[in-house]
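Undergrad: Take a look at the following structure, please.
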There are 2 protein chains.
Amino acid sequence: MKNLVFDYKRCGSCPIRHRAVCARCDKGELRRLEEIKYYRSYEAGQPVMWAGDEMDFVASVVSGIATLSQTMEDGRTQMVGLLLPSDFLGRPGRIIAPYDVTANSDLMLCCFRRKPFERLIVDTPHIGQRLLEMTLNELDAAREWMLILGRKTAREKIASLLTIIAQREASLKQTAPGDGSSFELPLTRESMADYLGLTLETVSRQISSLKRDQIISLEGKRKVVVPDFDALIAETGDDADGGMLV
Amino acid sequence: MKNLVFDYKRCGSCPIRHRAVCARCDKGELRRLEEIKYYRSYEAGQPVMWAGDEMDFVASVVSGIATLSQTMEDGRTQMVGLLLPSDFLGRPGRIIAPYDVTANSDLMLCCFRRKPFERLIVDTPHIGQRLLEMTLNELDAAREWMLILGRKTAREKIASLLTIIAQREASLKQTAPGDGSSFELPLTRESMADYLGLTLETVSRQISSLKRDQIISLEGKRKVVVPDFDALIAETGDDADGGMLV
DNA sequence: CGGTCCAGTTGATCCTGATCAAAGCGGCGG
DNA sequence: CCGCCGCTTTGATCAGGATCAACTGGACCG
């Protein structure tokens, strides 16, 4: 989750400053990337792929939000991944999508055709290493998320989610979230509920409660203002320095 | 989680048939592995490392059970990883342990010193690729686990855990779990509770309930017999073929 | 044999978050 | 302007699992 400072000079030819593949790529590698690259856009709510579909590309999120989720037969759903701009989607070496992927807002993907991308990984070990690093980061985030799902109260869950989003939005702008910081909530109440293993009513109530206790305030429905960031972190149940800063 | 058929012939010089590094290693690579390898054993209950410790090795589980877990300040704990024999522990490229690691039964690790192991990865791309594949498997397991934690009832959680353990034990023996199969439960009620985000009382009650409904029976405290495996799977809430078979 | 310890079981009660229901609030098209 | 729709908020009630507490049974030991 730690922010990667993109190497703009060296990555000039890659329009999205792709986290996985640009920072250390030479001219030839960038040319090969350009050759297998194309863009796709999706409207809010549109499915990108269903679990079980064949994946013919891997991709990087240029703008918008995508979610990974699992659904049970009776309709219960759990979000298992949240992809913000610069996040990576797809798994080299896997052909079948393991989860439903949905555009949660208007979404632009920078896609790379899977087969030649896999060849590129084999030829270019540092790309493989970067993918391993990113996958380990995702694994850490997933395990942090497991603690949230398994052991936190509804209020702590909401505070944790707000903290995570604030930190990720800040890291995209290369800053740290501080007092008075504000950010757009890119999720509906229902998506937040699917993220946290709650119902949308409980999400709404807990947000109202945090508002009542002056931990946050809302401008409109979606913009969140955090007057005292440490106060928000205190509500997550984590100790001040550990946990969420992965 | 799919079982890897070890290449015994080529890995003869690696006593543990290490999943990560043996299957495609040549003589020179195996020699380098031997040079940086050593064994460590731990008693049941003994900590292997704490979150925040410096890790000077990566390792493979030879025998016994290890768990990864996170603990909140007030003592609530969530298990985030369960390592059975042949599973891999550690993260090339990371120096600080992200979670507590505990020996949950007598445990034997085959360790590799971290620094030279990382060098070996750089020199030997197929090891890096194998690590990426294993990490993706762990990520899939973590996300399956998130669905369990976030959306399943206590009874479904227990059934899911039993299914997972049955499948992993079976895969170590290169078989598939079937009707009448039985296995050792390697976890106490409390560990099961930490795995599933429940209390140990609830775990005990749900196991009793499954016993009462003839879904399982127990021999002693730890040996579980499953007369009808499909009936157990039906209790997990997953559809028959998807989900758990990752 | 009795005593202690520990993992597990079972019971009674409580509380958090789910469920069911209704109403508020923009935004948008006619 | 109205009516409709999607999203959100709030209220009333319910229930699943947590909590607190007592008890069982086996292993170990003097």
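The values are calculated or read from the model by the stated rules, or taken from the named source; none is laboratory data. Being a predicted model, the structure only gives us computed values, none of them experimental. Because the Cβ atoms are built from the backbone with ideal geometry, glycine has one as well, and the counts that use them run over all protein chains shown. Quick note on the areas: whole protein, heavy atoms, side chains included, nothing else; ligands and nucleic acids left out. Shrake-Rupley method; radii C 1.70, N 1.55, O 1.52, S 1.80 Å.
Undergrad: Return yes or no: is A:Asp106 within 14 Å of another protein chain (Cβ to nearest Cβ), modelled with pLDDT under 95 and open to solvent by 40 Å² or more (accessible area, probe 1.4 Å)?
TA: Working: within 14 Å of another protein chain (Cβ to nearest Cβ): no; modelled with pLDDT under 95: yes; open to solvent by 40 Å² or more (accessible area, probe 1.4 Å): yes.
Judged against the criteria, A:Asp106 is not a match.
Undergrad: Pick from A:Gly52, A:Gly75: which is free of Cβ contacts under 8 Å to residues at least 40 places away in the same chain and within 14 Å of chain B (Cβ to nearest Cβ)?
TA: Result: A:Gly75 is the single residue among A:Gly52, A:Gly75 that is free of Cβ contacts under 8 Å to residues at least 40 places away in the same chain and within 14 Å of chain B (Cβ to nearest Cβ).
Undergrad: Spot the failing condition for A:Glu156; the list is (1) more than 18 Å from B:Gly75 (Cα to Cα); (2) facing chain B (nearest Cβ under 10 Å); (3) surrounded by fewer than 22 Cβ atoms within 10 Å (Cβ to Cβ), and only one is missed.
TA: The failed condition is (1).
Undergrad: Just to be sure before I move on: is A:Ala44 away from every other protein chain (no Cβ under 14 Å), open to solvent by 20 Å² or more (accessible area, probe 1.4 Å) and part of a loop (DSSP other than H, G, I, E, B) in the structure I sent?
TA: yes
Undergrad: For the range A:89-103: of the residues being away from chain B (no Cβ under 12 Å) and part of a strand (DSSP E or B), which is nearest to A:Gly128 (Cα to Cα)?
TA: Filtering the range A:89-103 for residues away from chain B (no Cβ under 12 Å) gives A:89, A:95, A:101-103.
Checking the rest, the ones that are also part of a strand (DSSP E or B) come to A:89, A:101-103.
Details: A:Leu89: 15, A:Val101: 23, A:Thr102: 26, A:Ala103: 27 Å.
Per the stated criteria, the residue is A:Leu89.
Undergrad: Going through the range A:48-64 one residue at a time, which ones are open to solvent by 20 Å² or more (accessible area, probe 1.4 Å) and either among the charged types (D, E, K, R) or in contact with a helix residue (DSSP H, G or I) (Cβ under 9 Å, 6 or more places away or on another chain) (or both)?
TA: A:Asp53, A:Glu54, A:Asp56
Undergrad: Only residues that are within 12 Å of DNA strand D (Cβ to nearest atom) and more than 18 Å from A:Pro85 (Cβ to Cβ): list them for the range A:175-197, please.
TA: A:Thr188, A:Arg189, A:Glu190, A:Met192, A:Ala193, A:Asp194, A:Gly197
Undergrad: Limited to the range A:65-85, what total is found for residues that are modelled with pLDDT under 95 and either open to solvent by 20 Å² or more (accessible area, probe 1.4 Å) or assigned by TED's automatic domain parsing to the domain that holds A:Arg189 (or both)?
TA: Number of matching residues: 4.
Undergrad: Looking at (1) farther than 21 Å from B:Asp228 by Cβ; (2) within 11 Å of DNA strand D (Cβ to nearest atom); (3) open to solvent by 40 Å² or more (accessible area, probe 1.4 Å), which is the only condition B:Leu172 fails?
TA: It fails just one condition, (2).
Undergrad: Take the conditions modelled with pLDDT of 90 or more and among the β-branched types (Val, Ile, Thr) and apply them to B:Thr135. Does it pass?
TA: Details: modelled with pLDDT of 90 or more: yes; among the β-branched types (Val, Ile, Thr): yes.
Judged against the criteria, B:Thr135 is a match.
Undergrad: Looking only at the range B:121-144, which residues are at the interface with chain A (Cβ under 7 Å from one of its Cβ atoms), closer than 19 Å to B:Ile165 by Cβ and either touching a residue at least 24 places away in the same chain (Cβ under 8 Å) or in a loop (DSSP other than H, G, I, E, B) (or both)?
TA: Listed by number, the residues that qualify are B:Glu138, B:Asp140, B:Ala142.
Every residue, every condition in (1) over 19 Å from A:Leu136 (Cα atoms); (2) in contact with a Pro (Cβ under 9 Å, 6 or more places away or on another chain), yes or no:
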| residue | (1), (2) |
| --- | --- |
| B:Phe57 | no, no |
| B:Cys111 | yes, no |
| B:Gly128 | no, yes |
| B:Asn137 | no, no |
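Undergrad: Which members of the range B:55-72 meet the condition of being among the small types (Gly, Ala, Ser) and without any contact (Cβ under 8 Å) to a residue 60 or more places away in the chain?
TA: Matches in the range B:55-72: B:Ala59, B:Ser60, B:Ser63, B:Gly64, B:Ala66.
Undergrad: Further question: For the subset of the range B:175-214 comprising residues that are closer than 20 Å to A:Leu147 by Cα and of a type in the set (A, V, I, L, M), which member is most open to solvent (accessible area, probe 1.4 Å)?
TA: So the residue we want is B:Leu200.
Undergrad: Being open to solvent by less than 40 Å² (accessible area, probe 1.4 Å) and away from every other protein chain (no Cβ under 14 Å) is the filter; apply it to the range B:215-237 and report the residue that is nearest to DNA strand D (Cβ to nearest atom).
TA: Residue satisfying both the conditions and the ranking: B:Ile215.
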